[in-house]
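What follows is one structure encoded as C-alpha cells, with my remarks underneath.
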Amino acid sequence: MWYHHPSLFVVACALPPSSCHVYLCMRGVGGGSRRCCCSRSPKYTGTSTTNIHPWLSSMVNYAWPVHFNGFDAAEEKNVHHNMSSFSETMGLGYLKTQAIEFVNYNKRQMSRIYPKGARVDSSNYMPQVFWNAGCQMVSLNFQTSDLPMQLNQGKFEYNGNCGYLLKPDFMRRTDKTFDPFAESPVDGVIAAQVAVSVSLFLGRFISGIAGQFLSDKKVGTYVEVDMYGLPTDTIRKEFRTRMIPGNGLNPQYNEEPFLFRKVVLPDLAVLRFGVFDENGKMLGQRILPLDGLQAGYRHISLRTEGNFPMSLPMLFCNIELKIYVPDGLGDLMDALSDPRAFLSAQEKREQQMKAMGIEASDIDTKALKGGKGGAKAETLRAQKNFLKATKKQQKELESMRKKHMKERLSIQKGQCSAIEKVAKGKKEVLDDPKIKAIVTDQMKQWSEMMEKHRKEEWEMLKEHLKSQEDILKKLMEEEQASQIKKLEGKHEQAMKDMKANQAKLAVETAKDVASDKTLKTKADRDRRLKEKNQNNTKRFIEERKISAMKQGKQMDKLKNPQ
C-alpha cells in the first residue's frame with residue numbers, strides 16, 4: 001500500500017514511565033512539532049520500565065519504528081511490522097546503489113521518506129522516484145503547493161481520497177524482481193502508447209488541445225503535457241503547444257498529436273496538463289494517472305495550483321491508448337488484431353515474413369506445384385469490377401467525412417458565438433450560471449454528434465466490406481465454374497487419347513503376333529494375341545481408374561477449397 005498523508009506518523013518514545021509515551025509528529029519547516037496526546041490518560045502505576053502500558057500497546061500495533069541497519073539485517077530479522085525512516089538524501093543513495101534490494105524491502109515491511117533538513121523554505125522533492133521503489137509513506141511539506149505536491153494529490157485523487165493505493169502486483173510478490181530504473185517492459189506487464197490530440201479533419205489529427213474558459217482576460221495561453229513515471233517513462237518540458245495570443249476564453253491549439261510512444265509501466269505513470277498565460281503564470285493544472293484514463297474525446301476539468309477544483313476552465317482532448325509495438329512489428333500486429341480477418345492465410349504469412357525482414361520479391365510461388373492460390377486472389381482483386389467498386393466506395397467515404405467535418409465546424413462556430421454573446425460585457429464569466437448551463441448543453445450536443453458520426457462511418461465501412469465480400473464471392477464462383485469446366489474438358493480429352501492409344505496398341509499387338517516365327521500354329525497365335533490383349537486391356541483400365549480418381553480429387557479441391 002501507498003499512504004496519502006505520510007507526514008502524520010506515530011512513534012514510541014523511550015522516556016520514563018511518568019512521561020508521555022506517544023507523540024503525533026507533523027513534519028514542517030526545520031523538523032517536526034510535537035504535542036502530547038496522552039495528557040489525560042490514567043497514570044501508570046507499574047514499577048517496571050520493561051513492561052509496556054496497555055494503552056500504548058494498543059496504539060502501536062501496526063508499525064514499530066526501528067533503526068535501519070541495512071537490507072541484509074532487515075531480511076535476516078524478517079519482522080514485517082518494523083518500520084524505518086529515511087531522509088530523502090539517504091533514500092536516493094539507497095536507490096542509486098541498492099535499488100532492487102530497496103524494492104524487496106518494501107515488499108516485506110514499511111518505509112517512510114521525509115524531506116531533508118536543508119529544505120528551510122518548505123520546498124518538496126519529487127515523490128515519484130520513491131513511489132517507483134514501493135515506499136509506502138512519502139512525506140511532503142503540505143503547506144507548499146508545488147509540482148511534487150500536485151503529483152501527490154493527483155495520484156491519490158482516483159481512489160476516492162481514502163488515502164490508500166494498492167501497489168502493482170509485481171511490487172508485492174516475492175517471486176517477482178523489479179528494477180525501478182528498468183528500461184524494458186516488466187515481465188507480465190504490457191507497455192502502452194499514449195497520444196493526446198483534439199479533433200479530426202478528413203481522417204487526420206490536426207490539433208493538439210482546445211481550451212475553454214481558461215481565463216476571463218484577453219491573454220495569450222499555451223499548454224504543456226508531461227508524463228511522470230519510471231525514469232525511462234518520464235518526459236518533461238518536451239510537449240508544448242504554440243501560444244494563442246489574446247484568447248483566454250476558447251483558444252484552439254493547432255498541433256500535431258503529442259505522442260508518448262513507449263510507456264514501460266503504465267501502472268506507475270501519470271499525465272500532467274499545465275495551462276500557462278503569456279507571462280508564464282499557471283492558469284490551471286491536472287494530474288491524471290494513466291491506469292485511470294479512458295480513451296476518446298474528454299473534457300478535462302482543471303484545478304488550481306493547490307489542487308482545488310475550478311468551475312469552468314477545462315481542456316477538450318482526444319486521448320488515444322494503444323499497446324506499444326516495437327519498430328518493425330507494426331504490420332504483424334495489425335494482421336493479428338484485424339477483427340474482420342479478410343486476409344487469406346497466405347497473405348498473413350507473407351506479412352509475418354515481411355515483419356521479419358523478408359521481402360515479397362524473395363518469395364517464389366509460381367514454380368510451386370499447385371501453389372497459385374495467392375496469385376489467384378490477387379488476380380480477383382485486380383479485376384475491373386472489383387477496382388471500380390472499391391473506388392466508388394472510397395469516394396463515398398471521403399464525401400461522408402467532408403460532410404461530418406462541415407457539420408462539426410458549423411456546430412463549433414455556433415457554440416463559440418453563443419458563449420461570446422452571453423459573456424459579452426460581463427466581468428465575471430467563470431461562475432455565471434447561464435454560461436455553465438450553456439457549456440453543459442454544448443458538451444452534450446458535441447458528444448451526441450461525435451457518437452452519431454462514428455456510427456455512420458462504421459456502418460458505411462461495414463456495408464463496403466460486405467459489398468467487397470459479395471463481389472469477391474461472385475468472382476470466385478465464376479472462376480470456380482470456369483476451372484471446373486476446364487478440368488472436365490481436360491479429363492474428357494484424356495479419355496479420348498487413352499481410347500485412341502488402346503486401339504493403336506491393339507493393331508500393333510496383332511501385327512507383332514502375326515510376325516512372330518516362334519508361333520507355329522494358328523491356335524498358338526490366337527492364345528498369344530488373347531493374352532496380350534487382356535494385359536493391354538487391364539493396363540488401360542487401371543490408367544482410366546487412376547485418371548478418374550485424380551480428376552475426382554481435383555474436382556473436390558475446386559468445390560471445397562481449404
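What to note about this one:
- Ranked by how many other beta carbons lie within 10 Å on average, peptides 432-445, 86-99 from highest: 86-99, 432-445
- A 1.4 Å probe run over the protein chains yields, for region 490-559, 79 Å² of accessible area per residue, whole-number rounding.
- Under 19 Å from a label point set 7 Å out along the Cα-to-Cβ vector of K281, the amide N atoms of region 126-164 belong to 145-147.
- Percent carbon-and-sulfur accessible area, region 419-562, ignoring ligands, DNA and RNA, probe 1.4 Å: 54
- Rounded to whole Å, sorted largest first: equivalent-ellipsoid semi-axes of region 490-559, Cα gyration tensor: 35, 11, 6
- Heavy-atom accessible surface of region 82-131: percent carbon and sulfur, 1.4 Å: 56
- Pairs exceeding a 31 Å alpha-carbon distance, out of K517/K538; K388/K486; K530/K559: K530/K559.
- Geometric descriptor of region 54-171, per residue, is 138 Å³ (volume of the convex hull of the Cα atoms).
- For region 478-562, the set of trypsin sites (Lys or Arg not before Pro) satisfying both a DSSP loop assignment and a count of at most 14 other C-beta atoms within 10 Å is given as K517, K520.
- Each residue of region 505-522 was assigned a 3J(HN,Hα) from its phi angle through the Karplus expression (A = 6.51, B = -1.76, C = 1.60, θ = phi - 60°), giving 5, 5, 5, 5, 5, 4, 5, 5, 5, 5, 8, 6, 6, 6, 8, 7, 10, 5 Hz with x at Gly and Pro.
- Cβ-defined net charge surrounding H80, 13 Å radius [Lys, Arg +1; Asp, Glu -1]: +3
- Accessible area per residue for region 54-171, computed on protein heavy atoms with a 1.4 Å probe, is 46 Å².
The values are calculated or read from the model by the stated rules, or taken from the named source; none is laboratory data. Please read these numbers as outputs of a predicted model, since none were measured by experiment. Neighbour counts run over all protein chains shown; Cβ positions are idealised from the backbone, glycine included. All accessible areas refer to the heavy atoms of the entire protein, side chains included, with ligands and DNA or RNA removed. Shrake-Rupley method; radii C 1.70, N 1.55, O 1.52, S 1.80 Å.
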